[in-house]
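Read the figures in this text as sums done on the coordinates, not as results from a lab. No experiment lies behind these values; they were computed from the predicted model shown. Cβ placement follows ideal geometry from the backbone for every residue including glycine, while neighbour counts extend to all protein chains displayed.
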Amino acid sequence: MTRWLIQTRGFELALGVSVLLGALVLYLVGLDWAQALLLALLPYVGRNLWLMTRLAYWIHCHYRLVPPFPLGFWGDIYRTIGQYQQRNRKERKRQLRFQRRFREAANSVPDALVVLNKNQIIEWANPAAMTLMGIHWPQDQGRQLSELFNHPQLTDSINAGDASSLEIAPEHDQSLMLAVQVAPFGERKKQRLLIGRDITKVYHLNLIRRDFIANASHELRTPLTVISGFLETLSESSLTPQSHRRPLQLMHKNTQRMRSITDDLLTLSRLELDHQVVDLTTVAIADELQLILADAQAVSAGRHQFELDIDSTLGLLGSQHELHSALSNLLLNAVKHTPIGTTISVTWAQQAQGAIFIITDNGLGIAAKHLPRLTERFYRVDKARSRESGGTGLGLAIVKHVLSRHQGYLAISSEEGAGSSFACHFPTRLVRRLTNQRGVSGSVLSAPGAGSLPASSR
Ligand code: ADP
């Protein structure tokens with residue numbers, strides 16, 4: 001401490017000594033002690049005030065301190081602030097370089113990138129946003145996104161911070177098709193990054209593929225109906241030789257299968273055509289299940305047991321035709337793909353997150369490696385057995401599409417040897433309470449016609 005004071009604070013010590021000496025001289029000249037000390041201190045105080053003012057002026061007006069620095073304590077203060085300033089300048093330059101590199105990288109991304117603040121105001125956009133979304137940077141900075149790129153579903157996704165991708169044809173160029181995704185980021189994930197990818201080519205290829213499948217299925221339908229009709233008549237005719245009957249029956253069975261495939265392909269094409277359900281009604285699911293169960297019991301022919309836990313007063317806003325088809329596919333699958341004696345449970349209930357329809361069976365189950373691919377078209381676990389049971393391999397693809405059109409999703413869980421469970425989840429906003437419906441719970445139905453859901457008023 002003493003060494004530091006002597007070595008580096010020599011100037012301050014010298015100043016102190018000269019103040020004291022000055023005061024002594026003034027005292028000897030005739031002033032009293034107080035006056036002498038005050039007068040001797042004046043230059044010291046003046047110097048401090050001057051150096052303080054100069055520091056404040058340099059910091060606020062010059063933004064940087066440059067040597068030579070004053071001697072003593074003030075020199076130390078000037079030097080330390082100068083060092084901090086230099087470090088800050090370097091850091092700022094580093095950040096600017098990084099920012100520039102980041103912008104260059106973002107500018108070279110072929111996808112449109114738009115940064116929005118929490119009020120959906122445009123803060124930044126890359127050049128691709130101009131061609132793809134009609135958002136010009138920097139001209140459109142500070143403008144509301146909806147003024148330039150208006151899409152109600154996108155607004156909902158932005159508000160909800162929903163990261164799922166939306167297909168949007170932008171207003172400024174209807175020949176484009178974009179896949180727009182919202183990525184929440186920043187403090188408490190309040191800011192949004194919009195990513196718009198040009199999927200025009202893929203979209204048109206998809207349209208061509210879809211149209212081709214729809215047209216081919218449609219064109220094949222009538223000839224197949226005619227062939228199937230004739231084959232059926234011929235196989236049953238008394239004029240047909242006995243030896244021809246079996247081949248004719250086989251041909252008839254196969255044309256029926258081809259018809260099922262073309263029908264399912266047509267259904268899938270129609271489902272793909274529009275992402276929104278148009279024929280929305282309140283569907284009494286219990287009523288639909290009554291019909292579906294009758295079909296399932298007919299196919300089962302007493303080989304399965306059915307357990308029901310149905311909330312009959314629970315309805316769903318949706319397409320009656322589509323929901324019927326999806327639920328029917330799942331129940332018939334449980335009948336077709338499980339062995340004799342299997343118990344099939346059907347549950348329809350309300351949950352905190354909406355409504356759920358579950359078909360559970362204690363059949364053979366499905367190996368885990370097949371589960372992620374089950375909803376692909378024509379994917380079957382056991383091809384030969386599926387064909388034998390009359391399956392087209394399109395049932396679960398149809399279910400998946402129907403659910404996604406109802407903002408729901410299919411969850412499949414299965415264990416080999418223990419059985420499977422197919423759960424359809426529907427959001428709360430589609431749930432409707434029905435009046436005059438009777439609930440069914442825990443019924444056990446075995447033989448065909450041994451029971452059915454209670455009739456309820458539609
Ligand atoms: P399919 O017309 O063959 O039934 P799906 O798309 O409906 O076609 O089903 C795909 C495959 O999933 C079926 O071929 C079958 O192997 C398997 N699967 C579906 N449901 C069940 C089930 N409940 N138990 C076991 N396997 C099933």
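Values as computed for the structure displayed
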| read-out | value |
| --- | --- |
| Degrees between helix 200-236 axis and first principal axis of the chain (Cα, 0 to 90, nearest 10) | 10 degrees |
| GluC sites (Glu not before Pro) restricted to DSSP loop in the range 130-213 with at most 15 other C-beta within 10 Å | GLU171 |
| Cα centroid of the range 52-109 to Cα centroid of the range 175-223, whole Å | 51 Å |
| Vicinal HN-Hα couplings computed from phi for the range 72-81 (Karplus, 6.51 cos²θ - 1.76 cosθ + 1.60; Hz; Gly/Pro x) | x, 4, 4, x, 4, 4, 4, 5, 4, 5 |
| Where chymotrypsin sites (Phe, Trp or Tyr not before Pro) fall in DSSP loop in the range 38-112, at most 14 other Cβ within 10 Å | TYR63 |
| Spacing of the two label points (7 Å from each Cα toward its C-beta) at SER146 and ALA216, in nm | 4.5 nm |
| The range 134-201, Cα convex hull volume normalised per residue, Å³ | 91 Å³ |
| Amide H contacts under 5 Å for LYS190, placed H, 5+ residues apart | PHE185 |
| For q = 0.18, 0.26 Å⁻¹, Debye-computed log10 I/I(0) when each Cα of the range 202-273 counts as one equal scatterer | -0.70, -1.04 |
| Trypsin sites (Lys or Arg not before Pro) restricted to DSSP loop in the range 16-81 with at most 12 other C-beta within 10 Å | ARG64 |
| FRET efficiency for LEU21 and TYR63, using Cβ-Cβ distance with R0 set to 35 Å, rounded to 0.05 | 0.30 |
| Semi-axis lengths (Å, descending) of the ellipsoid that matches the C-alpha gyration tensor of the chain | 83, 27, 20 |
| Electrostatic dipole magnitude of the chain [Cβ: Lys, Arg +1; Asp, Glu -1; Cα centre; debye, to 20] | 1940 debye |
| Positive-pole candidate from LEU38, CYS61, THR375, dipole of the chain, charges at beta carbon | LEU38 |
| Whole-Hz couplings from phi, Karplus 6.51/-1.76/1.60, listed for the range 304-317; x for Gly and Pro | 10, 10, 10, 10, 10, 9, 10, 8, 5, 8, 9, x, 9, 7 |
| Folded to 0 to 90 degrees: helix 395-405 orientation relative to the chain principal axis, Cα | 50 degrees |
| Long-range HN-HN contacts of LEU374 with modeled amide H, under 5 Å | none |
